[in-house]
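Scroll down for the structure; my scribbles are underneath it.
Computed from the coordinates by the stated procedures, all read-outs in this text should not be read as laboratory data. Source: prediction; values computed, not measured. Here the Cβ positions follow ideal geometry from the backbone for every residue, glycine too, while neighbour counts run over all protein chains shown.
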Amino acid sequence: MTKDKPQGIARGLTNYGDAKFSKYLRRSFASSMGYSREMLDKPIVGIAHSASGFNNCHRHFPELIEAVKRGVLAAGALPIEFPTISLGEVFLSPTSLKFRNLMSMDVEEMVRAQPMDSVVLLGGCDKTVPAQLMGAVSADLPAVQLVAGPMSTGRHKEHRLGACTDCRRFWQQYRAGRIDDQEIDTIEQKLASTAGTCAVMGTASTMASLTEAMGMMPAMGAAIPAVSADRLRMAEATGKLAVDLIGSDRTPKAILTREALENAVTVLLALGGSTNAVLHLAAIAGRAGLSLDLHRLNEISDRTPVLVDLKPTGSFYMEDLHYAGGIPAVMRELRDLLHLDAVTITGETVGDRIEAADPWVDRNVIHEGRAPVRANGGLVALYGNLAPNGAILKRSAADETLFESEARAVVFSSLADLAERIDDPDLDVTADDILVLQNAGPASEASMPEAGYLPIPKKLAQAGVTDMIRMSDARMSGTAYGTIVLHVSPDAASGGAIGLVRDGDRIRMSVAERRLELLVSEEELASRRAARPPAPQVERRGYDRLYHQEILQAEAGCDFRFLVPAPAAAALEKDCLNAAE
Ligand code: FES
């Protein structure tokens, strides 16, 4: 610990023009909470947490916070918890992503403004961990991540249930008329049966795993079930680690290097993880002055096998990954593809962690590199005149027979248009068509919701169709699956070509060539572009106004322009403008 800088309660004093008075006043008010002078003289570990009555995933946080505090106290510092904005995935309108940057600002500013020497970030639900990491990188105070841990699975008849892949599976059956109202009501009560984050390799599990892969939490920290006593021991260990970090140079920017980012991308691909993680990694990287190049993602994807057999693309659940050996076992299998000398928050390198990991592994869940679940990575970026800045396909969740397709577009101009017409018996659509949703990207009124999982039109679902190509500038839940092209950039609302597609146009998708082409002449596209009506003027105030002024596109992680270091923001802006021309 450094002795020359103010520590603990004396850090960053409130300015009254008299530093001694400020310190005296602060100690006096802190004393009102019952702290002794001895405690107030200790260094402080902040615990930034996102517990909320609107966040089911975080309902066990009081117990976890107590365990973190125990670890901090045992290591000789004073723990002080503080709440930040919480983002409970299903409780936010129009979509939680809209508020991720707001939460990141809350975390950054409260970490910087309040007196603490290091911070434990306690989150879990999809957007909370990215927001905490983005804020922590920008604040660059020593920080360590603790996550909620995954929910345990429930049961319905002979079925094992986990939110939320099974939510979608049963809803699809209900839409197709294969289960009735009573059964879907019964299932509703059983899908999310414990505290913790969604039970499959959705966005929350993916981001927890990548946080461990990047070295921002101790080994095994990602997958321990929320309700396990091991999760409490991990919380205690995290508290101790946060004390060890005080005064060290292991700040988020020192840990989140290009090598750490590439390790995270490799693990993401080996997990068959969530498409949302591409956005969040880009945003976290952006805060550190790095970019997530989708061409590089494709290179890594081509050499990285999918090793983990978890839903939504496989068979098992997140709790099974923990008992199978966790992220260290996955990384051991990937060791030839990783930067082993990347340093983690504990001071170990990635190579050290792999060496130290329990050698036992359940091969049903974590496959060997020579017998992978699939030979190449779970995600691939597509480019072309329809997506000059890229689009993402989760190929591990898609139907390979559709990978090389040329088909007719059936276009929905907005989410409202989709809701109105998708189940219309007169909709002119066949299973061979490509459904295109416009105006659901980051710059749209919808603010890039997880609406990219367009429902199969009811008449096709009832005829037994379970998948078809769907594409949009929206996102998809990490727990969803299908041949779904997402994050098409630039989005329709900022002038992207996806907004120029018309019913009956031909679209060509080639996963082999990484191409996504609208087969319409340049002249015709130019005339459609010129004929576009001007964007409606919308009166905005508050955060909504800030969002629409500052939001960047998918390849920049949908961060705000003014939160990214200035040179990186300028480069991203230039790329977006060129692509939208
Ligand atoms: Fe919180 Fe799925 S709703 S992780």
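Given the chain, what percent of its DSSP beta bridges are antiparallel, to the nearest 5? It would help to have the intermediate numbers written out before the result.
Working: 24 of 52 bridges.
If I count the DSSP bridges inside the chain, around 45 percent turn out antiparallel.
At a 10 Å Cβ-Cβ cut-off, how would you order I80, I345, I284, fewest neighbours first? Working shown, then result.
Details: I80 20, I345 28, I284 33.
Ranking I80, I345, I284 by Cβ neighbours within 10 Å, fewest first, gives I80, I345, I284.
What list of ³J(HN,Hα) values in whole Hz, one per residue of region 149-157 in order, does the Karplus curve 6.51 cos²θ - 1.76 cosθ + 1.60 (θ = phi - 60°) give from phi, with Gly and Pro shown as x?
x, x, 4, 8, 7, x, 9, 9, 6
If you average 1/r over every pair of different alpha-carbon atoms in region 117-253 and take one over that average, what Kirkwood value in Å do you get? Walk me through the numbers before you get to the answer.
Values: mean 1/r = 0.0615 Å⁻¹.
Its Kirkwood hydrodynamic radius stands at 16.3 Å.
Of all DSSP beta bridges in region 428-581, what percent run antiparallel (nearest 5)? Walk me through the intermediate numbers first.
Values: 5 of 10 bridges.
Bridges in region 428-581 are about 50 percent antiparallel.
Could you state the per residue volume, in Å³, of the convex hull enclosing the Cα atoms of region 109-159?
Numbers: hull volume 4.1 nm³, N = 51.
Given the Cα convex hull of region 109-159, per-residue volume reads 81 Å³.
Just to confirm the number: angle between the C-alpha axis of helix 294-303 and the first principal axis of the chain, 0 to 90 degrees, nearest 10?
Between the helix axis and the principal axis of the chain, the angle is about 90 degrees.
For each of F29, F91, F61, count neighbouring Cβ atoms within 10 Å of the residue's Cβ, then give the residues from fewest to most. Each step should come with its number before you reach the end.
Working: F29 10, F91 14, F61 27.
Listed from fewest to most nearby Cβ atoms, that is F29, F91, F61.
On average over all directions, what projected area in square nanometres does region 358-442 have, based on the convex hull of its Cα atoms? Before the final figure, lay out the partial values.
Working: hull surface 37.8 nm².
Seen from a random direction, the Cα hull of region 358-442 projects 9.5 nm² on average.
Can you list, bin by bin at 10 Å, the percent of alpha carbon pairs in the chain, starting at 0?
4, 18, 28, 26, 16, 7, 2, 0
In whole Å, what are the Cα extents of region 491-535 along the three principal axes, biggest one first?
Taking the Cα atoms of region 491-535, the three principal extents are 37, 19, 17 Å.
Amide H of G390 versus every other amide H placed in the peptide plane: which residues, excluding those fewer than 5 positions away on the same chain, fall under 5 Å?
It is G384, S489, by chain and number.
Please give the charge dipole size of region 151-238, origin at the Cα centre, charges +1 on K and R Cβ atoms and -1 on D and E Cβ atoms. Round to the nearest 20 debye. Write down the numbers at each step before the final one.
Values: 10 positive and 10 negative charges, 33 e Å.
Here region 151-238 has a charge dipole of around 160 debye.
Grab the DSSP H runs of the chain that are 4 residues or longer, score each as -39,500 (n - 2.57), total them, divide by all residues and round the 222 nm result to the nearest 500 deg cm²/dmol. Numbers along the way, then the final one.
Details: 21 runs with 213 residues, N = 581.
Calculated from helices alone, the mean residue ellipticity at 222 nm is -11000 deg cm²/dmol.
Which aspartates and glutamates have a Cα lying under 12 Å from the Cα of K459, excluding residues fewer than 8 positions away in the same chain?
D423, D424, D426, D428
Counting only other residues whose beta carbon sits under 15 Å from that of A480, what net charge do I get with K and R as +1, D and E as -1?
Numbers: positive: R168, R169, R175, K311, K394, R395, R470, R475; negative: E89, D126, D166, D399, E450, D467.
Taking every Cβ under 15 Å from that of A480, the sum is +2.
Test of understanding: what is the full-extension gain from S405 to V538, defined as 0.36 nm times their sequence separation minus their Cα-Cα distance?
On the way: separation 133, 0.36 × 133 = 47.88 nm, distance 3.87 nm.
Residue separation times 0.36 nm, minus the Cα-Cα distance, leaves 44.0 nm.
Of the options I551, S28, A136, report the single residue whose Cα projects farthest towards the positive end of the charge dipole of the chain (beta-carbon charges: Lys, Arg +1; Asp, Glu -1).
S28
Cα convex hull of region 457-513: how many Å³ per residue? Numbers along the way, then the final one.
Details: hull volume 7.7 nm³, N = 57.
In region 457-513, the Cα hull volume divided by residue count equals 135 Å³.
Can you pull the percent of Cα pairs in region 15-80 with separation above 19 Å? Walk me through the numbers on the way to the answer.
Details: 1054 of 2145 pairs.
The proportion of pairs with Cα distances above 19 Å equals 49 percent.
So for region 309-383, what percent of the C-alpha to C-alpha distances run longer than 17 Å?
When all Cα pairs of region 309-383 are counted, 51 percent exceed 17 Å.
Can you give the charge dipole size of region 416-480 about its Cα centre, rounded to the nearest 20 debye, using +1 on the beta carbon of Lys and Arg and -1 on the beta carbon of Asp and Glu?
Values: 5 positive and 12 negative charges, 48 e Å.
Once rounded to the nearest 20, the dipole reads 240 debye.
On a straight-distance basis, which lysines could pair with K157 in a cross-link, Cα separation under 26 angstrom, same-chain partners fewer than 8 positions away excluded?
The reachable lysines, counting only those whose Cα sits under 26 Å from K157, are K190, K311.
Enumerate the whole-percent occupancy of each 5 Å bin, from 0 to the last occupied one, for all C-alpha pair distances of region 140-197.
The distribution over region 140-197 is 4, 17, 25, 19, 10, 7, 6, 4, 4, 3, 1, given as percents.
Tally Lys and Arg at +1 and Asp and Glu at -1 over the other residues with C-beta under 13 Å from the C-beta of S50: what net charge comes out? Each step should come with its number before you reach the end.
Working: positive: R59, R100, K127; negative: E81, E89, D106, D126.
The answer is -1.
Over the Cα atoms of region 350-507, what is the Rg over Rh ratio if Rh follows Kirkwood? Numbers along the way, then the final one.
On the way: Rg = 18.3 Å, Rh = 17.1 Å.
That ratio is 1.07, to two decimals.
Going Cα to Cα from K253, which lysines come in below 24 Å? Please leave out same-chain ones fewer than 8 positions away.
Partners within reach: K3, K5, K127, K240.
Taking the number of other C-beta atoms within 10 Å as the exposure measure, put E262, E158 in order starting with the fewest. Numbers along the way, then the final one.
Values: E262 21, E158 5.
The most exposed by this proxy come first: E158, E262.
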